[in-house]
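Note sheet for the following structure.
The values are calculated or read from the model by the stated rules, or taken from the named source; none is laboratory data. Quick caveat, the model's predicted, so the values are computed rather than measured. Note that each Cβ is placed from the backbone with ideal geometry, even for glycine, and that neighbours are counted across all protein chains shown.
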Amino acid sequence: MHKIHENSFNGIIALPSFPVVFVTVDSNIMVAGAFHFYSFDPPSVMVGIKPEKYTYELITKKKEFGINIPTKDQLDKIHICGSVSGRYEDKYIKAGLTPKKGNKIDSYIIEECPVNLECKVVHQIEYEGSHKWFIGEIKEVHIEDKYIRDDALMFWLGQFRTVGEVIEGASNNELLR
Ligand SMILES: Cc1cc2nc3c(=O)[nH]c(=O)nc-3n(C[C@H](O)[C@H](O)[C@H](O)COP(=O)(O)O)c2cc1C
């Protein structure tokens, strides 16, 4: 295998895509591609938010967030929530999404998303970098009964895509139920 030595930024460019999610805090929505599973026990996820975002201000204050998984037909709403700032506009109205109060968090979650995770911030990573990472323990989960995991949307570096074919392992519905 012939490999070329690249600069370290190209190491980021070379990564495959990640799931893209709506992050909801208080009555605001933003889009995050910097989102990942963190731990099975306790069930936790993590999200990376740039400090200049309004969401950063809200999440450090409220210490909670909602993760709302979009479907691929919500791309128009992703463009709105991922470009407009909640400092100036109500994105629930602008994107035509319905706010629903969380059961375990005070913030809203998005009715139209098939999966909502209500999370409490348990740790904030203090390290320099473009994104500040928040680890959230999942306190409540809402999953639509017809949800198919592979309908989720993936994103990296301007490119949106769907999940590829399963080449080994159980179907996602067997794992979920
Ligand atoms: C596909 C996509 C992925 C994004 N991922 C992130 C991310 O991981 N972290 C981040 O801070 N901003 C990300 N953004 C940008 C924010 O969603 C965007 O700046 C948003 O308007 C911030 O809203 P706010 O100011 O109301 O918090 C992404 C935008 C798009 C369209």
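Tabulated values for the structure
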{"read-out": "Meets criteria (within 15 Å of Ile110 (Cβ to Cβ), more than 9 Å from the ligand (Cβ to nearest atom) and either surrounded by 17 or more Cβ atoms within 10 Å (Cβ to Cβ) or at pLDDT 95 or above (or both)) for Pro43", "value": "no"}
{"read-out": "Glu57 charged (D, E, K, R), without any contact (Cβ under 8 Å) to a residue 12 or more places away in the chain and surrounded by 17 or more Cβ atoms within 10 Å (Cβ to Cβ)", "value": "yes"}
{"read-out": "Some residue of the range 80-93 being small (Gly, Ala, Ser), modelled with pLDDT under 95 and surrounded by fewer than 21 Cβ atoms within 10 Å (Cβ to Cβ)", "value": "no"}
{"read-out": "Gly164, sole failed condition from (1) closer than 27 Å to Lys62 by Cα; (2) without any contact (Cβ under 8 Å) to a residue 12 or more places away in the chain", "value": "(1)"}
{"read-out": "Residue that is nearest to Cys119 (Cα to Cα), among those in the range 60-77 that are within 13 Å of the ligand (Cβ to nearest atom) and out of contact with any Asp or Glu (no Cβ under 9 Å at 6 or more places or on another chain)", "value": "Thr60"}
{"read-out": "Residue match in the range 24-35 (condition: β-branched (Val, Ile, Thr), farther than 21 Å from Tyr88 by Cα and within 12 Å of the ligand (Cβ to nearest atom))", "value": "no"}
{"read-out": "From Asn28, Asn7, residue being of a type in the set (S, T, N, Q) and without any contact (Cβ under 8 Å) to a residue 60 or more places away in the chain", "value": "Asn7"}
{"read-out": "Pick from the range 147-161, criterion in a loop (DSSP other than H, G, I, E, B) and among the aliphatic types (A, V, I, L, M), ranking: surrounded by the fewest Cβ atoms within 10 Å (Cβ to Cβ)", "value": "Leu157"}
{"read-out": "Selection within the range 78-91 - without any contact (Cβ under 8 Å) to a residue 60 or more places away in the chain and within 7 Å of the ligand (Cβ to nearest atom)", "value": "His79, Cys81, Gly82, Ser83, Val84, Ser85, Gly86, Arg87"}
{"read-out": "Condition check for Pro16: under 22 Å from Ala152 (Cβ atoms) and more than 8 Å from the ligand (Cβ to nearest atom)", "value": "yes"}
{"read-out": "Among (1) within 30 Å of Asn10 (Cβ to Cβ); (2) of a type in the set (D, E, K, R); (3) modelled with pLDDT under 95 - the single one Asp145 does not satisfy", "value": "(1)"}
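So that you can scan it fast, the table gives a plain yes or no per residue for (1) surrounded by 18 or more Cβ atoms within 10 Å (Cβ to Cβ); (2) in contact (Cβ under 8 Å) with a residue 24 or more places away in the chain; (3) outside any loop (DSSP other than H, G, I, E, B):
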{"site": "Leu97", "(1), (2), (3)": "yes, yes, no"}
{"site": "Asn103", "(1), (2), (3)": "no, yes, no"}
{"site": "Asp106", "(1), (2), (3)": "no, yes, no"}
{"site": "Ile109", "(1), (2), (3)": "yes, yes, yes"}
{"site": "Val122", "(1), (2), (3)": "no, yes, yes"}
{"site": "Glu128", "(1), (2), (3)": "no, no, no"}
{"site": "Phe134", "(1), (2), (3)": "yes, yes, yes"}
{"site": "Ile138", "(1), (2), (3)": "no, yes, yes"}
{"site": "Asp145", "(1), (2), (3)": "no, no, no"}
